[in-house]
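Data first, discussion second: the structure below is written as structure tokens.
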Amino acid sequence: MNTIPQCESQRDELRELLARSQKGDARAFESLVRLLQPMVFQIALGFFRDHDDAMEVLQDTFLRVYRNLHKVDHAVGLRGWVFRIATNIAIDHYRARRKRSDRERKLTLIQNGITDRSHNPEERSEQAERVKRLQAAVDQLSTRERSVFVLKHINHLKMKEIAAILDISLGTVKSTHFRAVNHLRREVAAGGEA
Amino acid sequence: MKQNDCEHMRREMVLWLSGESDGIGVVQHVEACRGCARYLDQLQRLMGQIDIREREIGSSLQGMDWEGLAKQVTRHAMQPQAASDLKRRRLPLAAALFGLGLLTGYLVFSHRAGIPAGSNAARQLSDSIRLVETVKDQREIIDFLGRARLLLLEILHAQQSEQERDVLAGAAAGLLREYRYLGHNLTQSRIQEARGVMERLSWVLTELSYDPPPGRERVAAVRRMVERERLLFKVRLIERELESPVREV
């Protein structure tokens with residue numbers, strides 16, 4: 001299991017909550033959720049702009065955490081383990097959502113004859129437009145590049161921690177991160193000049 | 001300036017701006033290399049935009065009801081749902097087929113043997129028929145909710161042209177007719193548990209479909225309500241709930 005640094009008191013608290021949750025104590029599990037949910041939600045919001053999608057990731061993450069609690073034997077790597085589950089679930093949802101939204105959009109266009117609005121910049125403010133451009137560029141990243149980018153720039157994890165969570169080497173994290181940032185730089189710069 | 005130096009320095013810049021390196025040599029290199037100076041400038045702009053996005057996420061986290069959410073998430077995680085999603089989707093269909101099989105078998109059997117009404121076999125048959133009806137209702141409601149979700153998506157993304165408003169009104173009127181028909185069977189289904197959400201959905205459909213056709217303000221008011229009530233998310237939750245097996249007949 002991977003380790004994400006925590007302070008001693010936090011680790012003790014997690015250890016106690018974990019032990020009680022494993023015995024079926026609902027209140028302890030709720031406290032565990034309360035402690036860990038902001039970071040899970042942050043990961044989810046790095047993948048999705050929409051709160052509803054992020055909420056689904058949050059719920060599914062803790063559903064999986066709960067079902068697999070018996071597999072955790074100590075609290076040291078708990079945070080990293082939850083990070084990893086959340087990232088995997090966010091990737092799964094992201095893939096499924098991409099397929100679904102393509103399908104839904106096509107279906108709606110066919111049914112209702114609505115024109116595609118994705119290229120209608122007049123009504124948007126400049127800043128919103130820039131962030132939107134960034135988001136569009138982030139959408140083009142591969143799932144691994146996206147995961148590294150979100151964990152680095154939204155969750156502010158160290159590259160070592162990201163390597164542990166994604167189970168890849170530090171060198172791979174660095175090169176993936178460089179590719180991701182380079183791609184975003186190119187896209188954002190091209191948009192700015194257009 | 002060697003190409004390799006620039007490549008190395010650009011990697012160093014990315015690490016530096018991401019807080020992973022102290023950027024030794026970057027400043028000196030950039031002072032002597034125009035291409036890399038431009039690269040660094042673009043990177044700094046990108047990081048500024050990432051900061052804006054990160055602040056957006058941070059501010060949306062501040063307004064969250066973490067207590068309530070923890071309770072909701074815990075309830076969701078601890079509810080006894082052993083079946084996988086796939087199984088959950090298959091079970092209603094399997095139950096319907098099983099019921100149909102029983103019904104067909106019974107009709108053939110009773111026709112041959114002349115079983116009187118009120119016997120155990122007749123009661124089992126009536127239970128099976130009710131199960132089939134409930135599963136059928138459930139499928140209809142799931143289909144309806146799927147289409148309602150598409151409409152909600154359109155409401156949230158509409159740019160408010162007159163043509164779009166007309167399309168929304170037409171779609172809402174169609175769904176409202178279906179909703180009234182569904183209402184007849186609602187008491188037999190677990191949709192009762194989500195009556196509040198269905199009532200809000202009905203309000204949305206009514207608001208959009210009554211005459212005269214909705215104007216900009218009416219659509220904006222509907223959109224605000226959909227966002228405030230997180231209706232899209234709640235409709236999805238009901239759909240999920242309905243996709244799980246029938247608990248009682």
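Net charge near A:SER175: determine it from the other residues with C-beta under 14 Å of the C-beta of A:SER175, scoring Lys and Arg +1 and Asp and Glu -1.
+2
Starting from the coordinates of the alpha-carbon atoms of region B:3-62, obtain the Kirkwood hydrodynamic radius over all distinct pairs and give the value in Å to one decimal.
When all Cα pairs of region B:3-62 are included, the Kirkwood radius is 12.5 Å.
Which FRET efficiency, nearest 0.05, do B:ASP143 and A:ALA190 yield, Cβ-Cβ r, R0 56 Å?
On the way: r = 43 Å, r/R0 = 0.77.
E(calc), rounded to 0.05, equals 0.85.
Could you tell me the distance between the Cα centroids of region A:147-179 and region B:22-61, to the nearest Å?
18
With the cut-off at 13 Å, report for region A:11-76 the share of all Cα pairs above it, as a whole percent. Walk me through the intermediate numbers first.
Numbers: 1365 of 2145 pairs.
Percent of Cα pairs beyond 13 Å in region A:11-76: 64.
With the Cα gyration tensor of region A:124-194 giving a ≥ b ≥ c as the square roots of its eigenvalues, does the rule (a/c under 1.5 for rounded; else a/b larger than b/c for prolate; else oblate) give rounded, prolate or oblate? Before the final figure, lay out the partial values.
Details: a/c = 3.00, a/b = 2.17, b/c = 1.38.
Because a/c hits 1.5 or more and a/b exceeds b/c, region A:124-194 counts as prolate.
Would you kindly state how much longer the chain becomes between A:ASP92 and A:ASP73 on full extension, computed as 0.36 nm times their sequence separation minus their alpha carbon distance, in nm to one decimal? Could you put the intermediate results ahead of the total?
Numbers: separation 19, 0.36 × 19 = 6.84 nm, distance 2.63 nm.
Result for the pair: 4.2 nm of gain on full extension.
How much FRET efficiency would the formula 1/(1 + (r/R0)^6) give for B:ASP22 and B:GLU178, where r is the Cβ-Cβ distance and R0 is 51 Å, rounded to 0.05?
In this case the efficiency is close to 0.20.
Over what distance in Å are the Cα centres of region B:215-229 and region A:14-69 separated?
Computed from Cα coordinates, the inter-centre distance equals 32 Å.
Quick note: the coordinates plus some simple rules give every number you see, no bench work behind them. Here the structure is a predicted model, which is why all the values come from computation and not from measurement. Positions of Cβ are backbone-derived with ideal geometry, glycine not excepted, and every protein chain shown enters the neighbour counts.
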